[in-house]
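A quick write-up on the structure given underneath.
The values are calculated or read from the model by the stated rules, or taken from the named source; none is laboratory data. These numbers come from a predicted model, not from an experiment. The area values use the complete protein model at the heavy-atom level, side chains included, leaving out ligands, DNA and RNA. Shrake-Rupley method; radii C 1.70, N 1.55, O 1.52, S 1.80 Å.
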Amino acid sequence: MFQETPIFSRLVAERGDVPAQVRGEAERIRRDLARVLPQTPAPRPSTAHNADGPTASPALP
């Protein structure tokens, strides 16, 4: 999928594999959050609102 280039190899040698470090840190944070936050389903968006705000109910006769 990804073919390393000489510049990438040189940057990894000089600075470390920053993308791999970021992925590892993100995974650690995700695990920590999953442990401390309750797993609740995401709220479903309401269909009663339009882009300008809530819609008014039509007057009943």
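How much accessible area does Val36 have with a 1.4 Å probe, in Å² rounded to the nearest 10?
100 Å²
Report Leu33's accessible area, 1.4 Å probe, all protein chains in place, as a number in Å² to the nearest 10.
Leu33 exposes around 90 Å² with every protein chain in place.
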